[in-house]
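Q: Before I ask anything, let me first share the structure, which is written out below as structure tokens.
The values are calculated or read from the model by the stated rules, or taken from the named source; none is laboratory data. Since the structure is predicted, the reported quantities are computational estimates derived from the model, not experimental observations. Reconstructed Cβ throughout: ideal geometry from the backbone, glycine too, with neighbour counts over all protein chains shown. Accessible surface areas use protein heavy atoms only, side chains included; no ligands, DNA or RNA. Shrake-Rupley method; radii C 1.70, N 1.55, O 1.52, S 1.80 Å.
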Amino acid sequence: HSLIGKTHISKRICRFLSFFHDIPAQIFNVGEYRRQLCGAQLPADFYDPDNAVGLAARTMACDAALSDLLSYMQQEGVRVAALDATNSTRERRQHIWRILKESGLGAKRMYIESLCDEEELLDENIRKVKLATPDYMDMDPEQAMADFRDRRKFYMKVYETVDESDGPFIKIVNSRQFI
């Protein structure tokens, strides 16, 4: 399985809540924080779970996004925040929930996990979405595809699916099945 469509899903949910329900909703994309802190076009081994420097930098990006998310959620009134990130391990999800609980915010949470095990669908997503990000700008498309597949392998090395122990969740499989 691979994770696919996180940013698209976040945008759709926030747009829906904002437009149809007049609920302020904002996305906090950890990848954007990572690019601000570390730059774009990092080699795939930056995402290797055994790369302590990469892991520390990715955690710092997550925490920066969470800090801004908390500031946003502490504003007056009802609002929704989407933490747009891979969060591929139970440990990372617990880290995020611990920070949210310690903030005293009283926020509710729900995980949305998007899985894809169809190579054709995955390749289409990589070509249409991933290659358009700053991570792959001005890079040879085939080289970029190979790099993203390597990055994905590193995520999959430690990937733990979302389940009841994480709290409320929705799983989307191949953009067709919803659990």
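Q: With respect to the numbered conditions (1) without any contact (Cβ under 8 Å) to a residue 24 or more places away in the chain; (2) surrounded by fewer than 17 Cβ atoms within 10 Å (Cβ to Cβ); (3) part of a helix (DSSP H, G or I), which one is the sole condition not fulfilled by residue 54?
A: With respect to (1) without any contact (Cβ under 8 Å) to a residue 24 or more places away in the chain; (2) surrounded by fewer than 17 Cβ atoms within 10 Å (Cβ to Cβ); (3) part of a helix (DSSP H, G or I), residue 54 is out only on (2).
Q: If residue 20 meets every condition in (1) touching a residue at least 24 places away in the same chain (Cβ under 8 Å); (2) of a type outside the set (S, T, N, Q); (3) surrounded by fewer than 17 Cβ atoms within 10 Å (Cβ to Cβ); (4) within 26 Å of residue 171 (Cβ to Cβ) apart from one, which number is that one?
A: (1)
Q: Every residue in the stretch 30-69 that is touching a helix residue (DSSP H, G or I) at 6+ places or on another chain (Cβ under 8 Å), of a type in the set (A, V, I, L, M) and under 18 Å from residue 100 (Cα atoms), please.
A: Listed by number, the residues that qualify are 30, 60, 61, 64, 65, 66.
Q: Let me ask you something else. Looking for whichever is assigned to a loop (DSSP other than H, G, I, E, B) and of a type in the set (Asp, Glu) here; the options are 91, 76. Which one fits?
A: The unique qualifying residue is 76.
Q: Write out, first by first residue and then by second, each pair whose Cβ atoms fall under 6 Å of each other, whose residues are 6+ apart or on separate chains, and whose first residue, in the stretch 65-90, is within 19 Å of residue 7 (Cα to Cα) and modelled with pLDDT of 95 or more while the second is in a loop (DSSP other than H, G, I, E, B) and open to solvent by less than 30 Å² (accessible area, probe 1.4 Å).
A: none
Q: Considering only residues that are aliphatic (A, V, I, L, M), closer than 15 Å to residue 92 by Cα and surrounded by 14 or more Cβ atoms within 10 Å (Cβ to Cβ), which ones fall in the stretch 117-172?
A: 158, 162 - these are the residues of the stretch 117-172 that are aliphatic (A, V, I, L, M), closer than 15 Å to residue 92 by Cα and surrounded by 14 or more Cβ atoms within 10 Å (Cβ to Cβ).
Q: Moving on. Among the residues of the stretch 82-99, write down those that are over 25 Å from residue 44 (Cβ atoms) and buried (at least 19 other Cβ atoms within 10 Å of the Cβ).
A: Within the stretch 82-99, 82 is the sole residue that qualifies.
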